[in-house]
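Data block below; observations after.
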Amino acid sequence: MSEAVSYTDFFVLATGATTRQTKAIADGILGGLRATRRPARTEGEREAEWILLDFIDVVVHVFTPAAREFYRLEVLWGDVPRVQLGGDETGAGHTPARRAGTESA
């Protein structure tokens with residue numbers, strides 16, 4: 001992402017099947033990083049359709065399937081190359097990432 005935008009190096013895109021699962025994914029990320037990193041900003045935790053965790057150099061987006069399809073960040077940032085970290089091309093499974101030179105859907 002750093003070649004495409006100046007505000008972050010990575011986008012991480014993840015999908016939970018339900019709002020409860022998106023919240024659990026976001027909570028897991030926050031819990032896993034608690035000792036070393038805190039987000040500069042979080043958005044969407046109440047509704048949990050699209051939760052944003054902004055760690056400055058890494059911005060995490062956790063979507064429900066409907067929100068991911070609606071916002072289509074993969075299309076918006078389609079010129080940034082992708083790399084699949086886990087799951088499949090439908091967005092199911094583990095968290096994909098996005099970076100200048102690498103990205104995942």
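Residue-by-condition table, conditions (1) assigned to a strand (DSSP E or B); (2) under 20 Å from residue 31 (Cβ atoms); (3) at pLDDT below 95; (4) out of contact with any Leu (no Cβ under 7 Å at 6 or more places or on another chain):
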| residue | (1), (2), (3), (4) |
| --- | --- |
| 47 | no, no, yes, yes |
| 51 | yes, yes, no, yes |
| 60 | yes, yes, yes, no |
| 66 | no, no, no, yes |
| 75 | no, no, yes, yes |
| 80 | no, no, yes, yes |
| 85 | no, yes, yes, yes |
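Out of the residues in segment 1-43 that are assigned to a loop (DSSP other than H, G, I, E, B), at pLDDT below 95 and among the polar types (S, T, N, Q), which is farthest from residue 77 (Cα to Cα)?
The extreme case among them is 36.
The values are calculated or read from the model by the stated rules, or taken from the named source; none is laboratory data. For clarity, every value in this text was computed on a predicted model and none was experimentally measured. Every residue, glycine as well, gets a Cβ built from its backbone with ideal geometry; the counts of neighbours run over all protein chains shown.
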